[in-house]
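Colleague: Pasting a structure here, questions to come.
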Amino acid sequence: MQPRKVYRYRSFTSLTVDALVRDELFFSDPGAFNDPLDCQPTVEADSGLEELREILSGLISRRIFSETASSLRKNKVKEESASQYASKLAQREAKDMLESITYYSTGPEYDCSREEAEIWLLTVEIERELLKRYGKGVCCFSSVYDNPLLWSHYGDQHKGMCIGYNLTRNPEPRLYKVNYGGSRIVPTSLIKRAIADGDKEARDLLDKYILLRKASPWRYEREWRLLGQRGLQDSPLRMIEITFGLRCSDAVKHSIVSALSNRDSAVKFYEMHEVRGSFKLSRRPIDMGEMHAYYPRVALSGLEIFGPVSD
C-alpha cells in the first residue's frame, strides 16, 4: 500500500528555496539523523563459524571489488584489466581480514574459548561491513500536514512550511513505510540469504530491518521514506502543494509563491490557522489577490506620500 500524498516539513532557508525551484530532494546520510539508533542495526550471530567466515569474506570481497573497479574505470583502465585487478585485490583483502581475526581471537584478554572469541570478532566485523554496504541516502516524509510536533521539530516552530507531494509520476516512485518498535537485531542467517545467496525476499527484509525501523516514541511522525543516492537528486515525486506555518511571515509566503509561479505544474498554497478553543490545527487557501496587492511594497516617506507641507 502506497500513500496518496506525503509531506515534508522544512524551514525557510536559501537551500530550501533552491531545492523548491529546482524540484530536488536531499537524501541524507542516516548517520546524521537526530536519532543515533536510526538505521544502526545490531548483528547477532545465529550461524556457525565457517558460515560467518563465508559471510564476512563475501561482504569484504564485494565492497573492495566494487570500489576498486569503479576507481580504475574512472582512470580509463580497460574493463578486463580493471576487473582482474579488482578481483585479486578483493580476495586478498578478505583473506587478510579473516587471518587477522583468527590471530586476534587467541589473545589472552578473552575469558572464553578461541572459537567463541572468533565468532564475536567476526560478528562485529560483519556489522561494520553491513553498515558500509548500506551507504544509501534516505529522504523522509510524513503522511500528515497538521501534526503540531512535526511543525515544531521540522518546520522551524511554524516559521517554515510543509511541502506536499503525490506519486503521479512515470515511473511511479516507491515509498517505504517506517515500522516502529521491535528490536534492531539482524541475524547473520538473514544476511547470508540476502547477500551471499541472492534471495530477493531476504534482501527486501534486510532493507526493512536496517533502513525502516525506529523506536516506538517516534510513531507520531507517521513516516514514509524514499531510498536513493546520497545528496541532492531530482525529485521522483510530484510537488502539488505548500502549506505555510502559523508564524510564517507574509514576506516569506510571497517569496515562495513568486518563486514557483512559472512552474509547468501548478502548486496550491495554503496557510495553517488554529482551531479556536482547541489544540487542533487546520489550513485554508491563501488569498493570492490580497497578497499580491500588498507585496512587493515600496517604502515611501511622508513627503513622498502626501507631498510638501504648505503654510
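Colleague: With ARG184, ARG174 as the choices, which residue is in contact with a strand residue (DSSP E or B) (Cβ under 9 Å, 6 or more places away or on another chain) and either outside the structural domain of LYS280 (by TED's automatic domain parsing) or more than 23 Å from MET239 (Cβ to Cβ) (or both)? Give the derivation first.
Modeller: Numbers: ARG174 fails: either outside the structural domain of LYS280 (by TED's automatic domain parsing) or more than 23 Å from MET239 (Cβ to Cβ) (or both).
When all the criteria are applied, what remains is ARG184.
Colleague: Identify, please: which residue in the stretch 273-311 is among the aromatic types (Phe, Trp, Tyr) and free of Cβ contacts under 8 Å to residues at least 60 places away in the same chain and is, among those, farthest from ILE256 (Cα to Cα)?
Modeller: So the first thing to find is which residues in the stretch 273-311 are among the aromatic types (Phe, Trp, Tyr), and the list is 279, 294-295, 306.
Filter again for free of Cβ contacts under 8 Å to residues at least 60 places away in the same chain, leaving 294-295, 306.
Details: TYR294: 15, TYR295: 12, PHE306: 33 Å.
The selected residue is PHE306.
Colleague: Here is a further query. Could you check, for the stretch 191-206, whether at least one of its residues is more than 30 Å from LEU20 (Cβ to Cβ), among the β-branched types (Val, Ile, Thr) and within 14 Å of the chain's Cα centre (by Cα)? Give the steps one after another, and end with the answer.
Modeller: Initially, the stretch 191-206 is screened for residues more than 30 Å from LEU20 (Cβ to Cβ), giving 191-206.
Narrowing the set further to residues that are among the β-branched types (Val, Ile, Thr) leaves 191, 195.
Next cut, within 14 Å of the chain's Cα centre (by Cα) only: none.
No, because not a single residue in the stretch 191-206 is more than 30 Å from LEU20 (Cβ to Cβ), among the β-branched types (Val, Ile, Thr) and within 14 Å of the chain's Cα centre (by Cα).
Colleague: As an exercise: evaluate GLU221 against (1) in contact with a Ser or Thr (Cβ under 8 Å, 6 or more places away or on another chain); (2) buried (at least 20 other Cβ atoms within 10 Å of the Cβ); (3) under 28 Å from GLU50 (Cα atoms) and give the number of the one condition it does not meet.
Modeller: (3)
Colleague: Just to check your reading of the model, which residue among ALA86, ALA69 is over 27 Å from GLU50 (Cα atoms), within 31 Å of the chain's Cα centre (by Cα) and not basic (Lys, Arg)?
Modeller: Numbers: ALA86 fails: over 27 Å from GLU50 (Cα atoms).
Every option except ALA69 fails the conditions.
Colleague: Looking only at the stretch 206-217, filter to residues that are out of contact with any Ser or Thr (no Cβ under 9 Å at 6 or more places or on another chain) and either buried (at least 16 other Cβ atoms within 10 Å of the Cβ) or at pLDDT below 90 (or both); which one of those is nearest to TYR180 (Cα to Cα)?
Modeller: Step one: of the stretch 206-217, the residues out of contact with any Ser or Thr (no Cβ under 9 Å at 6 or more places or on another chain) are 206-212, 214-217.
Filter again for either buried (at least 16 other Cβ atoms within 10 Å of the Cβ) or at pLDDT below 90 (or both), leaving 206-212, 214.
On the way: LEU206: 16, ASP207: 15, LYS208: 11, TYR209: 11, ILE210: 12, LEU211: 12, LEU212: 8, LYS214: 5 Å.
Restricting to residues being out of contact with any Ser or Thr (no Cβ under 9 Å at 6 or more places or on another chain) and either buried (at least 16 other Cβ atoms within 10 Å of the Cβ) or at pLDDT below 90 (or both), the top hit is LYS214.
Colleague: Of all residues in the stretch 17-63, which are more than 19 Å from GLN229 (Cα to Cα) and of a type in the set (S, T, N, Q)?
Modeller: ASN34, THR42, SER47, SER57, SER61
Colleague: Additional query: Those residues that are of a type in the set (Ser, Thr, Tyr) and in a strand (DSSP E or B), I need them from the stretch 114-154; list them, please. It would help to see each step written out before you state the result.
Modeller: Initially, the stretch 114-154 is screened for residues of a type in the set (Ser, Thr, Tyr), giving 123, 134, 142-143, 145, 152, 154.
Selection gives SER142 alone.
Colleague: Mind listing whichever residues of the stretch 80-101 are surrounded by fewer than 16 Cβ atoms within 10 Å (Cβ to Cβ) and in contact with a helix residue (DSSP H, G or I) (Cβ under 7 Å, 6 or more places away or on another chain)? Don't jump to the end; show me each part of the working.
Modeller: Applying the first criterion (surrounded by fewer than 16 Cβ atoms within 10 Å (Cβ to Cβ)) to the stretch 80-101 yields 80-81, 84-85, 87-88, 91-92, 95-96, 99-100.
Listed by number, the residues that qualify are TYR85, SER87, GLN91.
Colleague: Name every residue in the stretch 261-311 that is aromatic (Phe, Trp, Tyr) and either surrounded by 10 or more Cβ atoms within 10 Å (Cβ to Cβ) or in the same structural domain as PRO148 (by TED's automatic domain parsing) (or both), in order of residue number.
Modeller: The first filter runs over the stretch 261-311 and keeps only residues aromatic (Phe, Trp, Tyr), leaving 269-270, 279, 294-295, 306.
If the condition is that a residue be aromatic (Phe, Trp, Tyr) and either surrounded by 10 or more Cβ atoms within 10 Å (Cβ to Cβ) or in the same structural domain as PRO148 (by TED's automatic domain parsing) (or both), then PHE269, TYR270, PHE279, TYR294, TYR295 are the ones that fit.
Colleague: Right, next: Looking at (1) in contact with a helix residue (DSSP H, G or I) (Cβ under 7 Å, 6 or more places away or on another chain); (2) of a type outside the set (Lys, Arg); (3) in a loop (DSSP other than H, G, I, E, B), which one does ASP111 not meet, given that it meets all the others?
Modeller: (1)
Colleague: Pick from the stretch 158-172 the residues that are part of a loop (DSSP other than H, G, I, E, B) and touching a Ser or Thr at 6+ places or on another chain (Cβ under 9 Å): which of them is surrounded by the fewest Cβ atoms within 10 Å (Cβ to Cβ)?
Modeller: In the first step, residues of the stretch 158-172 are kept if they are part of a loop (DSSP other than H, G, I, E, B); the result is 158-160, 167-172.
Cutting the leftovers down to touching a Ser or Thr at 6+ places or on another chain (Cβ under 9 Å) gives us 158-160, 169.
Numbers: HIS158: 17, LYS159: 16, GLY160: 22, ARG169: 12.
Applying the filter and picking the extreme gives ARG169.
Colleague: Can I ask one more? State yes or no: is SER258 closer than 27 Å to GLU24 by Cα, surrounded by 11 or more Cβ atoms within 10 Å (Cβ to Cβ), in the same structural domain as ASP146 (by TED's automatic domain parsing) and touching a residue at least 60 places away in the same chain (Cβ under 8 Å)? Working first, answer last.
Modeller: On the way: closer than 27 Å to GLU24 by Cα: yes; surrounded by 11 or more Cβ atoms within 10 Å (Cβ to Cβ): yes; in the same structural domain as ASP146 (by TED's automatic domain parsing): yes; touching a residue at least 60 places away in the same chain (Cβ under 8 Å): no.
The answer is no for SER258.
Colleague: For the stretch 256-281, which positions are among the hydroxyl-bearing types (Ser, Thr, Tyr) and either more than 22 Å from SER11 (Cα to Cα) or in contact with a Lys or Arg (Cβ under 8 Å, 6 or more places away or on another chain) (or both)?
Modeller: Listed by number, the residues that qualify are SER265, TYR270, SER278.
Colleague: Specify the residue that is nearest to GLU44 (Cα to Cα); the eligible residues are those in the stretch 108-143 that are of a type in the set (Val, Ile, Thr) and crowded, with 16+ Cβ neighbours inside 10 Å. Walk me through it before giving the result.
Modeller: Of the residues in the stretch 108-143, the ones of a type in the set (Val, Ile, Thr) are 119, 123-124, 126, 138.
If we keep only those that are crowded, with 16+ Cβ neighbours inside 10 Å too, we end up with 119, 123, 126, 138.
Details: ILE119: 10, THR123: 7, ILE126: 10, VAL138: 25 Å.
Ranking the qualifying residues of the stretch 108-143, first place goes to THR123.
Colleague: Further question on the same structure: Kindly indicate whether any position in the stretch 267-275 is among the acidic types (Asp, Glu) and in contact with a helix residue (DSSP H, G or I) (Cβ under 9 Å, 6 or more places away or on another chain). Explain how you work it out, then say what you get.
Modeller: Initial filter on the stretch 267-275 (among the acidic types (Asp, Glu)): 271, 274.
Keeping just the survivors that are in contact with a helix residue (DSSP H, G or I) (Cβ under 9 Å, 6 or more places away or on another chain) gives 271.
Yes, the stretch 267-275 contains a residue that is among the acidic types (Asp, Glu) and in contact with a helix residue (DSSP H, G or I) (Cβ under 9 Å, 6 or more places away or on another chain).
The values are calculated or read from the model by the stated rules, or taken from the named source; none is laboratory data. Just so you know, these numbers come straight off a predicted model, no measurement behind them. Ideal geometry is used to build each Cβ from the backbone, glycine not excepted, and the neighbour counts take in all protein chains shown.
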